[in-house]
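A.B. asks: Below you'll find the structure I mean.
The values are calculated or read from the model by the stated rules, or taken from the named source; none is laboratory data. Because the structure is a prediction, the values reported are computed rather than measured. Cβ placement follows ideal geometry from the backbone for every residue including glycine, while neighbour counts extend to all protein chains displayed. Surface areas here come from the heavy atoms of the whole protein model, side chains and all, with no ligands, DNA or RNA. Shrake-Rupley method; radii C 1.70, N 1.55, O 1.52, S 1.80 Å.
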Amino acid sequence: MDRIRVGVVGLGWVSQVVHLPILLKLPEAQLVAVCDRDRSKARLVAEKFSLERVYSDVNQMLETEDLHAVVVCTSTDAHREVAVACMRAGKDVLVEKPIARTYTEAAEMATVARETKRKLMVGMNHRFRPDSMILKGFIEGNELGKIFYTRAGWLRKRSTASAWGIQREKSGGGAFIDLGIVILDMALWMTGFPDIRRVSATQYHHRTKKVEDTSIVALTFKNGSRMHIEVSWSMALDEDSYFYHVFGSDGSASVNPFRIYKDLNGNVVNLTPTKIEHPHNMFKRSYENELRHFLGSVRELHPVISTADEAVQRMRIVEAVYKSARLGKDVVLT
């Protein structure tokens, strides 16, 4: 196939700021149609991006248009229904994070992907940041030695979350399932997905009632290493704080700022590449790399990164986080 014919379902912020503009400029993609259950929004967005094929019903779009793939950017409560419909219609799917609200929903989606032999990729764009990919190469090459501690977080200024994002029945949770799952995924991916022994979490509801606005999580791994994750929607900060620090027996590294240090014969040496993109470009570049990867997998050029099966395991951890916070004690994973 010369160009991948793509449809986009769900036309909120992430579609309008990221997916639609990128798909329109990628030579390997042909953005064919858009869909949103809000018909007025769908028409306005289609007009904004000069698109002619507009739908408010995903099944009608699937029946009418000859698509190779669909990007799903709906609210999380619709992910399972829309993704399953697309896969059963013979389309490959990229679904925005989180894959679903619950482990059960995620497992069903992964099962359908296997049954239909369709690709189901989950949008974890932080894996596709240029600095993240470089750092993962260093860790995989054992440049930092044995990883024993990771500290990561995403602390946002006080702001109003999306209307559906603070409704548990639609989102599945609050700050952790929104921001924390991204940090969790990147940190586990960086370190090779070590098996988790124990989860401990505390959550706060300072400015939201139905879902948490702050979550602090500690993970203990079977190999003896530890990981701490901090996420919040409601910190009294003058700017957002996004960080990732990893410590190994032979060195340490960080993302934002991007740094790599190695202990060589008792001397700490800075191995940070001199040429790296500006941090302000990382956000857009990560989505561009992610979409290029997805389109390449649709064309059978390579396997999918960030698979549904991986996402199912992430949701198992997410549910353990919420259980630990609810019960006020550690949750042991077997």
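A.B. asks: What do you get for trypsin sites (Lys or Arg not before Pro) in segment 207-246 restricted to DSSP loop and a cutoff of at most 10 other Cβ within 10 Å of the site's Cβ?
C.D. replies: Passing sites in segment 207-246 are Lys209.
A.B. asks: Under 1.5 on a/c is rounded, so check that first for segment 1-103, then, if it is not, pick prolate when a/b is larger than b/c and oblate when it is not; a ≥ b ≥ c are the square roots of the alpha carbon gyration tensor eigenvalues.
C.D. replies: rounded
A.B. asks: Could you report segment 273-334's accessible area per residue, 1.4 Å probe, as an integer in Å²?
C.D. replies: 55
A.B. asks: Towards the positive end of the charge dipole of segment 1-151, with charges on Cβ (+1 Lys, Arg; -1 Asp, Glu), say which of Gly12, Ala85, Val122 has the farthest Cα.
C.D. replies: Among Gly12, Ala85, Val122, the one farthest towards the positive end of the dipole of segment 1-151 is Val122.
A.B. asks: While we're here: Quick check on my link table: of Lys41/Lys209; Lys25/Lys117; Lys91/Lys117; Lys136/Lys262, which ones sit more than 19 Å apart, alpha carbon to alpha carbon? Kindly include the intermediate steps, with their values, before the conclusion.
C.D. replies: Values: Lys41/Lys209 28 Å; Lys25/Lys117 29 Å; Lys91/Lys117 10 Å; Lys136/Lys262 15 Å.
Beyond 19 Å between Cα atoms: Lys41/Lys209; Lys25/Lys117.
A.B. asks: If contacts are Cα pairs under 8 angstrom and at least 6 residues apart, what is the relative contact order of segment 238-326 in percent?
C.D. replies: With pairs under 8 Å counted, the relative contact order is 11 percent.
A.B. asks: How big is the equivalent ellipsoid of segment 130-185 along its three axes, where each semi-axis is √(5λ) from the Cα gyration tensor, reported in whole Å from largest to smallest?
C.D. replies: Gyration-tensor ellipsoid for segment 130-185: 32, 11, 10 Å.
A.B. asks: Sticking with this structure for a sec: Considering the chain as a Gaussian network with a 10 Å cut-off on Cα pairs, which listed residue, Ile183, Ile317, Ile134, attains the greatest mean-square fluctuation?
C.D. replies: Highest fluctuation among the options: Ile134.
A.B. asks: Same structure again: Mind checking which of Leu11, Leu188, Leu264 has the largest fluctuation in a GNM of the chain, springs on alpha carbons under 10 Å?
C.D. replies: So, out of Leu11, Leu188, Leu264, the one fluctuating most is Leu264.
A.B. asks: From Cα pairs below 8 angstrom and at least 6 apart in sequence, can you work out the relative contact order of segment 23-106, rounded to a whole percent?
C.D. replies: Relative contact order, segment 23-106: 22 percent.
A.B. asks: Whose amide H sits under 5 Å from the amide H of Tyr55, counting only residues 5 or more places off or on another chain, with H placed in the peptide plane?
C.D. replies: HN-HN under 5 Å from Tyr55: Val34, Cys35, Asp36.
A.B. asks: How large a share of the accessible area of the chain, in percent, is made up of carbon and sulfur atoms when the probe is 1.4 Å and the other protein chains stay in place?
C.D. replies: Percent of accessible area from carbon and sulfur atoms in the chain: 48.
A.B. asks: Also, I was wondering about something else. Given the -39500 (n - 2.57) contribution per DSSP H run of 4+ residues, what per-residue ellipticity at 222 nm results for the chain, rounded to the nearest 500 deg cm²/dmol?
C.D. replies: Values: 10 runs with 112 residues, N = 334.
The helix-only estimate for the chain comes to -10000 deg cm²/dmol at 222 nm.
A.B. asks: I'd like to check one number: the per residue accessible area of segment 119-240, probe 1.4 Å, reported in Å² as a whole number.
C.D. replies: With the other protein chains kept in place, segment 119-240 gives 42 Å² per residue.
A.B. asks: Still on this structure, please answer the following. Sort segment 211-270 into rounded, prolate or oblate with this rule: let a ≥ b ≥ c be the square roots of the eigenvalues of the Cα gyration tensor; rounded if a/c is under 1.5, and if a/c is not under 1.5, prolate when a/b is larger than b/c, oblate otherwise.
C.D. replies: Numbers: a/c = 4.93, a/b = 1.59, b/c = 3.10.
It is oblate, given that a/c is not under 1.5 and a/b is not larger than b/c.
A.B. asks: If the only charges are +1 at each Lys and Arg Cβ and -1 at each Asp and Glu Cβ, what is the size of the charge dipole of the chain around the Cα centre, to the nearest 20 debye? Working shown, then result.
C.D. replies: Values: 47 positive and 40 negative charges, 109 e Å.
It comes to approximately 520 debye.
A.B. asks: With θ set to phi - 60° and the Karplus curve 6.51 cos²θ - 1.76 cosθ + 1.60, what are the ³J(HN,Hα) couplings of segment 67-79 in order, to the nearest whole Hz, using x for Gly and Pro?
C.D. replies: Each residue of segment 67-79 in turn: 10, 8, 8, 9, 9, 9, 10, 6, 4, 4, 5, 9, 4 Hz.
A.B. asks: Sort out the exposed loop GluC sites (Glu not before Pro) in the chain (DSSP loop, at most 11 other Cβ within 10 Å) and tell me the longest stretch that has none.
C.D. replies: 53-238
A.B. asks: While we're looking at this one, here's another question. Quick check for me: using +1 on Lys/Arg Cβ and -1 on Asp/Glu Cβ, what's the dipole size of segment 1-100 about its Cα centre, in debye to the nearest 20?
C.D. replies: Details: 13 positive and 14 negative charges, 36 e Å.
Dipole of segment 1-100, to the nearest 20 debye: 180 debye.
A.B. asks: Under the rule a/c < 1.5 gives rounded, and otherwise a/b versus b/c splits prolate from oblate, where does segment 26-77 land using the Cα gyration tensor?
C.D. replies: rounded
A.B. asks: What do the square roots of 5 times the Cα gyration tensor eigenvalues come to for segment 157-203, in whole Å, largest first, as semi-axes of the equivalent ellipsoid?
C.D. replies: 25, 12, 10
A.B. asks: Take the Cα atoms of segment 169-263, find their three principal axes, and give me the spread along each one in whole Å, biggest first.
C.D. replies: That gives 46, 34, 19 Å along the principal axes, largest extent first.
A.B. asks: Amide H neighbours of Arg197 under 5 Å, at least 5 residues apart or on other chains, H built in the peptide plane: list them.
C.D. replies: Thr220, Phe221, Lys222
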